[in-house]
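Following: one structure in structure tokens, then a few remarks.
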Amino acid sequence: MSDTEAGAGASVQSVDRALTILEMLAREGEAGVTEIAAELGVHKSTAFRLLATLEAHRLVEQDGDRGRYRLGVGNLRLAGATTARLDLVTEARPVCRQLATDTGETVNITVRSETSALYLDQVAGSSALQSHNWVGQHIPLHATSNGKVLISELTEAELKRAVRELPRLTDRTVTRRAELKSQLDHIREVGYAVAVDELEVGLTAAAAPIRNAHGDIVASMSISGPTFRLTHERLERDVPLLTAAATEVSHRLGWGQRV
């Protein structure tokens, strides 16, 4: 076994042990280092190092008086993010189905995952003979209509962190930051984004923002299909349907209501 393989194996083992600690604390409520070490079958010093790492991420916390550990508030943040995504998919699914029926094209829901667009859900339209399944994939933000919508209202500093590089994927991909900023200005003005042959040659997509109760863009909804079918004329017809559908999901998430 190479040093690289050995290191990878140790890393996986550490992750497994850390997850075992979280599961134990969820089951028992709280536990001391000695109990945790016994559960893992490791020395107390190893258990302490794992707990220190989890504590740094606020996934566990220590009772100052008794020195026992329990689950930390960081788990609430992770659970909240998961719940929000599940709520988004649940609320968006019937709207996506109707939009796929109305346009005949594939409909996707995406969220931003740091420096990429993460595809959460997809509904194939009647025109899609064998639609590519995007669900679970991370796609570059600068090369998709979904990605551009997701970054359209970021601050300058946030944009730099989200889009660190602009790799060329096709001849139509935006690779200059000034051009990207100009496109984002236009997206904010018109309320939607279009990408033609930017991610893949022959693929056209249009996307619109989904907002939460506070008006923040938390996701995007898109229609996509072959460029030969999603012509300028088709987009003129279908984009209003798309923006209306995205607005409907936003309302379902509380946008436009008093918070």
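Is it fair to say residue 218 is surrounded by 12 or more Cβ atoms within 10 Å (Cβ to Cβ), part of a loop (DSSP other than H, G, I, E, B), in the same structural domain as residue 124 (by TED's automatic domain parsing) and β-branched (Val, Ile, Thr)?
Taking the combined requirement at face value, the residue does not satisfy it.
From the list 88, 120, 150, which one is modelled with pLDDT of 95 or more and either assigned by TED's automatic domain parsing to the domain that holds residue 174 or over 11 Å from the mean Cα position of the chain (by Cα) (or both)?
Of 88, 120, 150, the one residue that is modelled with pLDDT of 95 or more and either assigned by TED's automatic domain parsing to the domain that holds residue 174 or over 11 Å from the mean Cα position of the chain (by Cα) (or both) is 150.
Going by what's in this entry, would residue 207 be described as of a type in the set (A, V, I, L, M), in a strand (DSSP E or B) and under 24 Å from residue 233 (Cα atoms)?
On the way: of a type in the set (A, V, I, L, M): yes; in a strand (DSSP E or B): yes; under 24 Å from residue 233 (Cα atoms): yes.
Considered against the rule, which asks whether it is of a type in the set (A, V, I, L, M), in a strand (DSSP E or B) and under 24 Å from residue 233 (Cα atoms), residue 207 comes out as yes.
Residue 79 fails exactly one of the following numbered conditions: (1) surrounded by fewer than 17 Cβ atoms within 10 Å (Cβ to Cβ); (2) modelled with pLDDT of 90 or more; (3) within 30 Å of residue 221 (Cβ to Cβ); (4) of a type in the set (Gly, Ala, Ser). What is the number of that condition?
Status for residue 79: all satisfied but (2).
Looking at 247, 173, 155, can you tell me which residue is hydroxyl-bearing (Ser, Thr, Tyr) and over 20 Å from the mean Cα position of the chain (by Cα)?
Of the residues listed, the single one that is hydroxyl-bearing (Ser, Thr, Tyr) and over 20 Å from the mean Cα position of the chain (by Cα) is 173.
On the given criteria, is residue 157 small (Gly, Ala, Ser), assigned to a helix (DSSP H, G or I) and out of contact with any helix residue (DSSP H, G or I) (no Cβ under 6 Å at 6 or more places or on another chain)?
Criteria met by residue 157.
The values are calculated or read from the model by the stated rules, or taken from the named source; none is laboratory data. What you are looking at is a predicted structure, and each value in this text was computed from that prediction instead of being measured. So basically every Cβ, Gly included, is an ideal-geometry build from the backbone, and we count neighbours across all protein chains shown.
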